[in-house]
Amino acid sequence: MNVTIVDYNSGNISSVINSFKEVAKDKVNIEVTSDLDKIKSSDKVVLPGQGSFKSCVDSLNDINGLVDILNEFVISNKKPLLGICVGLQMFADIGFEDTETKGLGWISGKVSKIDNQNGKYKLPHIGWNQVNIVKDSKILKGIDNNSHMYFVHSYEFVPEDKNVISATTDYSSRIVCSVEKENIFGTQFHPEKSDKTGLKIIDNFISL
Amino acid sequence: MLKNRIIPCLDVKNGRVVKGINFVDLKDAGDPVEQAKIYSDGGADEICFLDITASNENRDTIYEVVEKTSKKCFVPLTVGGGVRSVEDINKLLNCGADKVSINTAAVQNPEVVIESSKKFGSQCIVVAIDAKKNGDKWEIFTHGGRNNSGMDANDFAKQMEDSGAGELLVTSMDRDGTQVGYDIGLMSKISANVNIPVIASGGVGNLDHLVDGIKLGKASAVLAASIFHYGKYSVKEAKEYLDSKGIPVRI
């Protein structure tokens, strides 16, 4: 089996690569590439993302044909994809970081700034927070409710259809931190930086 | 609920761990990769490497340390010391650092913070502020505490937030290596002045100091080196102690 981590200049993906390789060992082949054919023929795709919503969307669009290939992979072929952090946020129709930017539109909703309640809460939301699992999700299999995950973000994904939400976390408000819609999975937290519990999520995705 | 973080820091020189008293009199004590792994297995919320003599000496050894550590530790890794340019940051991130802390370069050339936070995102840019008390204010020091910039720490903290820093690592130069506790006045002042998280550093000698850093200093995270490094306390003991004092920690 091939799992492809999409390398589209979205910032630092070393930790994502290291964690997937750690979990995959020799069982699964981990590719890190922006090669369209390789992405197309892989079994699963990981879409990381750091920096701003706009910079990530721009970077995706900078690689000619990449968005089309991802659409085909996810929407037509219904193959599993995991978005991490801004990778998840880009599932939305629209994001409001820097400037209004169109997302991939795979899960209806928007990405807006976390309400810091007039400075009462620090942003970015950085550190270990507990997840409230609100529905069964394949990637959360074996993860205890209230497990700690590592977060670092200032924007949040607000999906229209609340049924896609598989976990939330409490900060200044209730933040969506894990989604599942058919073959589309996403985490706002960083499983690659969430120690053993995070690696378990990566294992769950690889084992789908 | 978001937990307060405990961050053990390893001072690294030529690829080996050291910890000095007030940044001099270095003692060699261990392999940073193994040490980091012990910390992360013990529940450290993040790991920090500080390449202490990097401003003056050949620093390629740190890249190898970071690369090896990031393949073994799956908690966030912050690396600082001698980071001068966007290219240095890029290189550390590519080696597997999750965040890079910038000290001297942020003071001398704030453009580095603006540019790097735009390029890599604020989440990986930590500005390290080394401050020393002078009268009723704190002044910024650079070059590992050797040079006084004369700049006001509080103003600089705000400027760095505006420039795109994701976090501030605030070290009291008066307290560093003394084990008498954080400079609470400095921490609380800066924390109240900015909306980004503050990591308190410099002066931890016992677990009550960690409690004070969070409760009184209003820090989001507490960094300590020698109390963990010389085995006075384990990270687990520190967390249990904080928990017993009503501070939310990841256990």
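Heavy atoms only, probe 1.4 angstrom, no DNA, RNA or ligands counted: give me A:Glu156, B:Glu240 ranked by accessible area, highest first.
B:Glu240, A:Glu156
If DNA, RNA and ligands are ignored and the probe is 1.4 Å, what is the ranking of B:Ile184, A:Ile184 by accessible area, most exposed first?
B:Ile184, A:Ile184
So how much slack lies between B:Arg84 and B:Asp155, counting 0.36 nm per residue of separation and subtracting their Cα-Cα distance, in nm?
Using 0.36 nm per residue and subtracting the Cα-Cα distance, I get 23.4 nm.
Through the Karplus equation 6.51 cos²θ - 1.76 cosθ + 1.60, θ set to phi - 60°, convert the phi angles of segment A:8-13 into ³J(HN,Hα) values in whole Hz; use x for Gly and Pro.
For segment A:8-13, the Karplus-derived couplings read 10, 6, 9, x, 7, 10 Hz, x marking Gly and Pro.
May I ask which residue of B:Ser85, B:Ile190, A:Tyr171 lies farthest towards the positive end of the charge dipole of the protein assembly as shown, with charges of +1 (Lys, Arg) and -1 (Asp, Glu) on Cβ and the Cα centre as origin?
A:Tyr171
Please give the calculated 222 nm ellipticity per residue for chain B, where each DSSP H segment of at least 4 residues contributes -39500 (n - 2.57) and the sum is spread over every residue; nearest 500 deg cm²/dmol?
-10000 deg cm²/dmol
Apply 1/(1 + (r/R0)^6) to the Cβ-Cβ distance of A:Asn77 and A:Lys196, taking R0 = 45 Å, and write down the FRET efficiency to the nearest 0.05.
After rounding, the FRET efficiency stands at 0.90.
With θ set to phi - 60° and the Karplus curve 6.51 cos²θ - 1.76 cosθ + 1.60, what are the ³J(HN,Hα) couplings of segment A:199-206 in order, to the nearest whole Hz, using x for Gly and Pro?
5, 5, 5, 4, 4, 4, 5, 4
Which value, in debye to the nearest 20, gives the size of the charge dipole of segment A:111-208 about its Cα centre, when Lys and Arg are +1 and Asp and Glu are -1 at the Cβ?
Magnitude of the dipole: close to 200 debye.
For chain A, what are Rg and Dmax over the alpha carbons, in angstrom?
Answer for chain A, Rg first and Dmax second: 15.7, 49 Å.
Considering only protein heavy atoms, with the full assembly of protein chains and a 1.4 angstrom probe, order B:Asp162, A:Asp195, A:Asp115 by accessible area, largest first.
Reading off the accessible areas and sorting them downward yields B:Asp162, A:Asp115, A:Asp195.
With a 1.4 Å probe, how much accessible area is buried between chains A and B, both sides summed, in Å² to the nearest hundred?
Chain pair A/B: roughly 2600 Å² of buried accessible area.
Take peptide A:143-149, look around each residue's Cβ out to 10 angstrom, count Cβ atoms belonging to other protein chains, and average those counts.
That works out to 1 on average.
Past the 23 Å Cα-Cα mark, which pairs from A:Lys200/B:Lys13; B:Lys91/B:Lys119; A:Lys110/A:Lys181; A:Lys21/A:Lys138; A:Lys25/A:Lys54; A:Lys120/B:Lys239?
Where the Cα-Cα span goes over 23 Å, the pairs concerned are A:Lys200/B:Lys13; A:Lys25/A:Lys54; A:Lys120/B:Lys239.
Determine how large the accessible area of B:Arg250 is when every protein chain is in place; take a 1.4 Å probe and give Å² rounded to the nearest 10.
30 Å²
Let me know the charge dipole size of segment A:56-150 about its Cα centre in debye, to the nearest 20, where only the beta-carbon of Lys, Arg (+1) and Asp, Glu (-1) is charged.
Dipole about the Cα centre, nearest 20: 440 debye.
What does DSSP give for the protein assembly as shown in terms of the percent of beta bridges that are antiparallel, rounded to the nearest 5?
Taking every DSSP beta bridge with both residues in the protein assembly as shown, the antiparallel ones total about 45 percent.
Just tell me which aspartates and glutamates come within less than 18 Å, Cα to Cα, of B:Lys133; anything on the same chain fewer than 8 places away is out.
Result set, ordered by chain and number: B:Asp152, B:Asp155, B:Asp174, B:Asp176, B:Asp183.
Would you mind calculating the gained length between A:Asn145 and A:Asp26 on full extension (0.36 nm times residue separation, minus the Cα-Cα distance), in nm to one decimal?
Extra length available between A:Asn145 and A:Asp26 comes to 39.8 nm.
Please give the charge dipole size of segment A:18-58, origin at the Cα centre, charges +1 on K and R Cβ atoms and -1 on D and E Cβ atoms. Round to the nearest 20 debye.
It works out to roughly 120 debye.
In segment A:39-125, which trypsin sites (Lys or Arg not before Pro) are in a loop and have at most 10 other Cβ atoms within 10 Å, using DSSP for the loop call?
Sparse-neighbourhood loop trypsin sites (Lys or Arg not before Pro): A:Lys120.
Averaged across A:119-131, how many Cβ atoms of other chains sit within 10 Å of each residue's Cβ atom?
6
Express the accessible area of chain A per residue in Å², computed with a 1.4 Å probe while the remaining protein chains stay in the model.
Value returned for chain A: 39 Å² of accessible area per residue.
Considering protein heavy atoms only and a 1.4 Å probe radius, which residues within segment B:1-19 exhibit an accessible-area decrease of no less than 10 Å² in the full assembly relative to the chain by itself?
Residues meeting the cut-off: B:Met1, B:Leu2, B:Lys3, B:Arg5.
Please check which bits of segment A:132-156 a label hung off A:Tyr121 would reach, taking the label as a point 7 Å along Cα-to-C-beta and the cut-off as backbone N under 11 Å.
A:154-156
Accessible area of the protein assembly as shown with a 1.4 Å probe: how many percent of it is carbon plus sulfur?
That share works out to 45 percent.
Can you compute 3J(HN,Hα) from phi for each residue in segment B:169-178, using the Karplus curve 6.51 cos²θ - 1.76 cosθ + 1.60 with θ = phi - 60°, rounded to whole Hz and x for Gly and Pro?
3J(HN,Hα) across segment B:169-178, in whole Hz: 9, 9, 10, 8, 6, 5, 9, 3, x, 8.
Residues of segment B:123-161 that become at least 10 Å² less accessible with every protein chain present than in their own chain isolated, using 1.4 Å: which are they?
Residues losing area: B:Gln123.
Lys/Arg Cβ at +1, Asp/Glu Cβ at -1, dipole of segment A:27-116 taken about the Cα centre: which of A:Gly49, A:Ser76, A:Gln89 is farthest positive-ward?
Working it through, the farthest residue towards the positive pole turns out to be A:Ser76.
How large is the accessible surface per residue of segment B:105-233, computed with a 1.4 Å probe and reported in Å² as a whole number?
Dividing the accessible area of segment B:105-233 by its residue count gives 35 Å².
Can you pull the mean other chain C-beta count within 10 Å for peptide A:10-19?
That average works out to 6.
With both partners inside chain B, how many of the DSSP beta bridges are antiparallel, as a percent to the nearest 5?
Roughly 30 percent of the DSSP beta bridges within chain B come out antiparallel.
Using a 1.4 angstrom probe and counting only protein chains, how large is the accessible area of B:Glu64 in Å², to 10?
Accessible surface of B:Glu64 is approximately 100 Å².
The values are calculated or read from the model by the stated rules, or taken from the named source; none is laboratory data. Predicted model only: the values in this text are computed from it and were never measured. Note: ideal-geometry Cβ built from the backbone for every residue, glycine included; neighbour counts use all protein chains shown. Surface areas here come from the heavy atoms of the whole protein model, side chains and all, with no ligands, DNA or RNA. Shrake-Rupley method; radii C 1.70, N 1.55, O 1.52, S 1.80 Å.
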